[in-house]
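Following: one structure in structure tokens, then a few remarks.
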Amino acid sequence: MTQAILREILDYAHRANPYPLYEELRKTPVLHEADGPYVVSKYYDIQSLLHDPRVSSDARNLKSPAADPLAADAQEETALPPSFLRLDPPEHDRLRRMTNRPFGPPHSPRRVYDMHGELKDIVSGLIDGIDNPDRIDLVDQVSYPFPVTVICRVLGVPREDESRFHTWADTIAAGLDPAPDADREERDKIVHNARTELGMYLAGLIEERRKKPGDDMLSELASSHGPDGAMTTMEVLSTAALLLIAGHETTVNLITNGMLTLLRNPDVLGRLREDPKLSVPIVEELLRFEPPVQLVPQRTTLADIEVRGVTIPKGASLWLVLASGNRDPDRFDHPDRFDPERGDIQHLGFGSGIHSCFGAPLARLEAQLALSELARRLENPRLLEDPPPYRQNAVLRGPRHLPIACDGIR
Ligand code: HEM
């Protein structure tokens, strides 16, 4: 029975609505079958394991690597060192601190805040480009191109190279979705080539920025400041690849899930149209209600850990089902209700603890701007397919297309 639930979570038939399965899963809060992972599904248990130093994120501790939700799992393939997502302290902390520097105090709030106008222009430009209001694919026309353009600007990719960067990013992101066996070899080759080309392109850009630094993230990462010194070229490369991949599909899904949820809740959409500031609580509630990262499947225990009377042995792999914790009735009242006005929205959508999402301020701002602009500018928007077609991926879950129509663009 229990293994059947795990299989069902991965089964595409449940992609549009996995939440009843999570409810079933929470009846066995620490689920373990045969040599499978220990699957943890209640809010407080997940939260405490995310903060537990006996739980490792280091991919080298994994016995059998599962699908990697955020990092490129082909990092060994491209001979890049592991990014800090897949490292434990002290290496994790050193690299995260150095990455934070260009964004960190006193720069952090200013950098993200400074990008407000630029981000709004990018999203407005994408909405201006919608030529047929009778059939819009929100994914291809807005949610998908937006975060890649933003990460290009953050890293300092020259404008004339942005379209090449988009092509590589799209190919790599498509590679995160499982393919039918028959197509896998060909697809893996294409993804591998895209990664190699992107790596070579970034290596060239890093060299240029070392010689002639600009006011961008790659220049900052490649230069030496403070007690941590500078990153090696390989470290800058794996960090840049992490920022691109971790911030791409996730933000796409937040914006798309967001518009889908708003179209299913027209009263909230109507209020957002009148008051763009509502996008702040709406995005927080979306990160609880429809989180783009459904589960964190790559953690290993460094010691025996007891959770609710179950001993998870040293060396076991864990799946922490963030999306289930977010719907745990022991943590949230009426968890299956989309309610941006709930007072307390301490969701697990960005994880928690030392690996909690590095890009959260940027991701929040991108989603707030995209949703408030869409609400303001699309006249009488409506869904053409409900549920829309989803991607295969059960970990980074979201629609592949979101067909909508509207009466016009303001
Ligand atoms: C980590 C979610 C956007 C960069 C994480 C984690 C989650 C997450 C759940 C924790 C993973 C774990 O514990 O293993 C999301 C969501 C996003 C988003 C839902 C969008 C809605 C971004 C963006 C960036 C980014 C835009 C970069 C600009 C990172 C990095 C980490 C991370 C670097 C690793 C942090 C560490 O290991 O210390 N993200 N993310 N994310 N995210 Fe995000």
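Nothing in this text is a laboratory measurement; each read-out follows from the coordinates by a stated rule. Because the structure is a prediction, the values reported are computed rather than measured. Ideal geometry is used to build each Cβ from the backbone, glycine not excepted, and the neighbour counts take in all protein chains shown.
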### Summary
Taking the chain and counting helices only, DSSP H stretches of n ≥ 4 at -39,500 (n - 2.57) each over all residues, the nearest-500 ellipticity at 222 nm comes to -15000 deg cm²/dmol
### Task
Determine the principal axes of the Cα atoms in region 200-279, then give the extent along each, sorted from largest to smallest and rounded to whole angstroms.
53, 23, 22
### Query
What does the charge dipole of the chain about its Cα centre add up to, to the nearest 20 debye, if the Cβ of each Lys and Arg holds +1 and the Cβ of each Asp and Glu holds -1?
740
### Query
With the contact rule set at Cα under 8 Å and sequence spacing of 6 or more, what percent relative contact order holds for region 2-409?
27
### Query
Taking 1 over the mean of 1/r across every pair of different Cα atoms in the chain, what Kirkwood radius in Å do you get?
22.0
## Note on the structure
Between Val30 and residues 5 or more places away or on another chain, the pairs with built amide H atoms under 5 Å apart involve none
### Query
How big is region 209-329 by the Kirkwood estimate over distinct Cα pairs, in Å?
18.5
### Query
Shape of region 348-396 from its Cα gyration tensor (a ≥ b ≥ c, root eigenvalues): rounded if a/c is under 1.5, otherwise prolate when a/b > b/c, or oblate?
oblate
### Message
Can you list which of the DSSP-assigned H helices in the chain have a Cα extent of 15 Å or more along the long axis and an average Kyte-Doolittle score of at least 1.0?
### Response
145-155
